[in-house]
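Beneath this line is the structure, given in structure tokens, with notes to follow.
The values are calculated or read from the model by the stated rules, or taken from the named source; none is laboratory data. Quick caveat, the model's predicted, so the values are computed rather than measured. Every residue, glycine as well, gets a Cβ built from its backbone with ideal geometry; the counts of neighbours run over all protein chains shown. For accessibility, only protein heavy atoms count, side chains too; no ligands or nucleic acids. Shrake-Rupley method; radii C 1.70, N 1.55, O 1.52, S 1.80 Å.
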Amino acid sequence: GAAMLRSLGPLLCLWALRLPALPAGTGAAARGLDVASYRERVRAMFYHAYEHYLESAFPYDELRPLTCDGQDTWGSFSLTLIDALDTLLILGNVSEFQRVVNVLQDGVDFDIDVNASVFETNIRVVGGLLSAHLLSKKAGVEVEVGWPCSGPLLRMAEEAARKLLPAFQTPTGMPYGTVNLLHGVNPGETPVTCTAGIGTFIVEFATLSHLTGDPVFEDVARKALKALWKNRSDIGLVGNHIDVITAKWVAQDAGIGAGVDSYFEYLVKGAILLQDKELMSMFLEYNKAIKNYTKFDDWYLWVQMYKGTVSMPVFQSLEAYWPGLQSLIGDVQNAMRTFLNYYTVWKQFGGLPEFYNIPQGYTVDKREGYPLRPELIESAMYLYRATRDPTLLELGRDAVESIEKISKVDCGFATIKDLRDHRLDNRMESFFLAETVKYLYLLFDPDNFIHNDGSVFDVVITPYGECVLNAGGYVFNTEAHPIDPAALHCCRKQKEEQWEVEDLMREFYSLKKNKKFTLKRASDHGEGEGAKDPEDASLEKGGEKRNYKKNSHSLLSCPSQSFNSKLAVLGQVFLDNT
């Protein structure tokens, strides 16, 4: 292991030296890059795919672009329509957004006998519905009294999430990977779940709890996060798959990619969304271990979680979310260096292969495909907001050109089965419209409402008082569904604590003339808690609103088959569609 580490550095350096040089004047060209024309090309990409989905595939989950028909993949709930809904609004199409909201209300039923991925249903369905719910007023939907604390899309999101709760009923609190939407966890269900399939719930579930007043969702999500933290290795790493009954690690490879990725992402995004120091400190501890054991020359490898020895010197396309995540915690310099490594791979192939052997500088057998994933584009969007470096627009340009040239067919855009010869696969994943197109559009649309810096906002009257929305600082879930963090402070249903504070305030101000009593009340509550200005109290209660954004990331699925070894078995996301 140590010898391998020593030999890897020069290999990586040699490989970096062999990368093709950028054409002369590229930087200057990017500065003159016609952002508006690329934005319109991205818009046209969206509608080419979306209209063919409606025409040829709806009400199935996904479009099959080579045969111009549809298929159910992750359930049976018109998944592409749910996933694409908030993208419609980001493109400015309020009339279609309104139409789709009505279609979904009438047509989607979660009371069905279907085995669904707990992870995928959460990020795509619950996340998509929550985001659309919170954006519906902006989209001109006539919202009901009590919105955003009630509404048809919120009720649908809650219904879908309730169907997932049986998966969390395990001795460890870590969920099963698959649940039957009608019957709960199937007898004989494998107890092996990937790390991301355990740690990717806090964004959606905390949002649900705050909007509905039911703490159960946030509680199960937190318990699962903490169980992973408790089961990290002595050197501070987590593996790839764990038995949720016994808490034994089944796949012991540690890295930042498939099977793990969005767990780290949700520690950061959960910390930002909830202003939660504990979640952030967990991430920062992991970040140290990841740097110590897996990072080499701005690449990240896979290592054995207990020993730290390298198990696979590969880069996976799903890891390309990491620079975006680094930018969210302010580590922009490291983020840019890693991003530029990943971008060289894109330029080599016109896309990111699922696996890339770093020392050899080439694809890994059976992992040569590119299913139009968003991760590198997502990182470019974050980093462009942080740096305005024109290289990031170049990646966007290259992505548009590549996807149009290689992947576009008469009925949509097809997964690239092999980046070496550009063979296509008969699939268009819903994340293409939810994430890839959205992040491309946002990269080329600096004035989009999503990028709001707080200078404009809406004030909404709720049964619980006034509430500020759409001020910016959106946190994207890992399927690129934006959640407005301010909305979490609109619906004060779990309110005993707040009422107590308000009662104290009232009592305090009504008795203000009696100074002696006032001082006594303040001292009774330690450090003068009772003596705060009501505005300060509400500010504290609401939490400081920060204009951070979220990185989105990855779409793996936790497999329902048993595992035999290591990273060779990373889940359905890598299964061939043959």
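Brief remarks follow.
- Restricting the first member to region 200-216 and to residues that are under 15 Å from residue 475 (Cβ atoms) and open to solvent by 10 Å² or more (accessible area, probe 1.4 Å), and the second to residues that are part of a helix (DSSP H, G or I) and at pLDDT 95 or above, the beta-carbon pairs closer than 7 Å and six or more apart or on different chains are 210/488.
- Of all the listed residues (444, 413), the sole one being touching a strand residue (DSSP E or B) at 6+ places or on another chain (Cβ under 9 Å), closer than 13 Å to residue 45 by Cβ, buried (at least 23 other Cβ atoms within 10 Å of the Cβ) and not hydroxyl-bearing (Ser, Thr, Tyr) is 413.
- Hits in region 152-173 (condition: without any contact (Cβ under 8 Å) to a residue 24 or more places away in the chain and either crowded, with 22+ Cβ neighbours inside 10 Å or under 22 Å from the mean Cα position of the chain (by Cα) (or both)): 155, 162
- Residues within region 447-463 that are part of a loop (DSSP other than H, G, I, E, B) and either touching a Leu at 6+ places or on another chain (Cβ under 6 Å) or surrounded by 13 or more Cβ atoms within 10 Å (Cβ to Cβ) (or both), tallied: 4
- Leading residue by the ranking (surrounded by the most Cβ atoms within 10 Å (Cβ to Cβ)) among those in region 357-379 that are among the aliphatic types (A, V, I, L, M) and under 18 Å from residue 299 (Cα atoms): 377
- Whenever a residue of region 220-248 is open to solvent by 60 Å² or more (accessible area, probe 1.4 Å), its partners that are among the small types (Gly, Ala, Ser), lying with C-beta atoms within less than 6 angstrom and at least six residues away or across chains, give the pairs 223/173.
- Region 422-435, subset in a helix (DSSP H, G or I) and touching a Phe, Trp or Tyr at 6+ places or on another chain (Cβ under 9 Å), residue farthest from residue 67 (Cα to Cα): 435
- When region 380-410 is filtered for residues that are hydroxyl-bearing (Ser, Thr, Tyr) and surrounded by 18 or more Cβ atoms within 10 Å (Cβ to Cβ), the ones remaining, listed by number, are 382, 384, 391, 402, 407.
- Listing of strands (runs of 3 or more DSSP E) fully contained in region 256-352 that carry 1 or more residues being open to solvent by 20 Å² or more (accessible area, probe 1.4 Å), touching a Phe, Trp or Tyr at 6+ places or on another chain (Cβ under 8 Å) and among the polar types (S, T, N, Q): 310-312
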